[in-house]
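The values are calculated or read from the model by the stated rules, or taken from the named source; none is laboratory data. On a predicted model such as this, the values are computed, not experimentally measured, just so you know. Cβ placement follows ideal geometry from the backbone for every residue including glycine, while neighbour counts extend to all protein chains displayed.
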Amino acid sequence: MSLTATDSAICVEHVTKNYGTFTAVDALSFEVYGGEIFAMLGPNGAGKTTTLRMILDILRPDTGTITVLGGPISEKTKDHIGYLPEERGLYRNAPVLDVLVYLGQLKGMSRQDAQKRALEMLEYVELGEHAKSKVSELSKGMQQKVQIIATILHRPDLVIIDEPLSGLDPVNTQLIKDLLFEMNAEGVTIVMSTHQMHQIEAMADRLLMIDHGHQVLYGAVDDVRQRFAENAVIVEGEGDWSALAGVSSVEQNDNGRSVLLRLADGVTPDMIMETLAVSDAYHIRRYELAVPSLNEIFIKVAVSGNGQNGG
């Protein structure tokens, strides 16, 4: 089952889920394109996990429709999906290889194929020597890597992962990121739910932020950041920035090396760059638009509810 960017891997349309009088997800709509890395984010209790469980048919929506890999989810569809839930679950007293082979067989793999693939993946994540170790004997980070292997062992077309990099040190974080990028390059669609905003900036093509079950941000990561950009630039170098024509105020950045120049109404970053290019009074080592990080946007939106939806 091969999906392209013109195909819909997941389509959620006007979905609502209530728990008694509490509405966890409220008329939510969004789409995940084939072959992309898509991030879901939001404050705790925003409805992310409920949404993922409805996509996977663990929960049923009260209203609305969901299609996965081209149609309503079925047992056959589930064989093409890998899911890493928020609540991890491995058989702690069984050897790592036995656990992986068993889980692979549940997804339709032969025992021989599951064992071969599991050994290859354990070597990839540098756990080859622990194949016969019990899960309980592994560190938290090692167990996380085993969980990820279990999620992708059967070569799914769609991977849904909740906090995939939780508990990993920087070296293993990069290892798993490389693995996910390799899978994505082969056409695998990846949906990840995470609170690690810097990882979304580094990995995701598009994102959805929900709060109180509602969509508050939706679109390409770069586009979302641009929509929250101020009319300001960040510069590093030497010169009297307050004397620069078109600059309304100057603020020192936290790193102590660069400054934030807020521009007057009607003044654009291109105009400031042109001025600097012909002036001998300034020496520039760095010049960039003042685009906020996703973490800054997340805090702003979560606190104020000031979302800006987009396509």
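One table, with the values for the structure above:
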| quantity | calculated |
| --- | --- |
| Residues that are more than 24 Å from residue 156 (Cβ to Cβ) and of a type in the set (Gly, Ala, Ser), drawn from region 11-46 | 20, 24, 27, 29, 42, 45, 46 |
| Cβ-Cβ under 6 Å pairs, at least 6 apart or on other chains, region 61-80 side under 22 Å from residue 18 (Cα atoms), far side assigned to a loop (DSSP other than H, G, I, E, B) | 73/57 |
| Residue list for region 228-286, filter: touching a residue at least 60 places away in the same chain (Cβ under 8 Å) and touching a helix residue (DSSP H, G or I) at 6+ places or on another chain (Cβ under 6 Å) | 228 |
| Residue 115 being in contact (Cβ under 8 Å) with a residue 40 or more places away in the chain, among the polar types (S, T, N, Q), in the same structural domain as residue 82 (by TED's automatic domain parsing) and surrounded by 16 or more Cβ atoms within 10 Å (Cβ to Cβ) | no |
| Which numbered condition residue 234 misses (of (1) assigned by TED's automatic domain parsing to the domain that holds residue 267; (2) on the phi > 0 side of the Ramachandran plot; (3) of a type outside the set (Ser, Thr, Tyr)) | (2) |
| Those residues of region 184-232 which are more than 30 Å from residue 172 (Cβ to Cβ) and in a helix (DSSP H, G or I), in sequence order | 223, 226, 227 |
| Residue list for region 214-240, filter: more than 20 Å from residue 295 (Cα to Cα) and crowded, with 19+ Cβ neighbours inside 10 Å | 235 |
| Boolean, residue 124 is surrounded by 14 or more Cβ atoms within 10 Å (Cβ to Cβ) and closer than 24 Å to residue 29 by Cβ | no |
| Tally of residues being surrounded by 14 or more Cβ atoms within 10 Å (Cβ to Cβ) and either assigned to a helix (DSSP H, G or I) or in contact with a Gly (Cβ under 9 Å, 6 or more places away or on another chain) (or both) across region 272-298 | 10 |
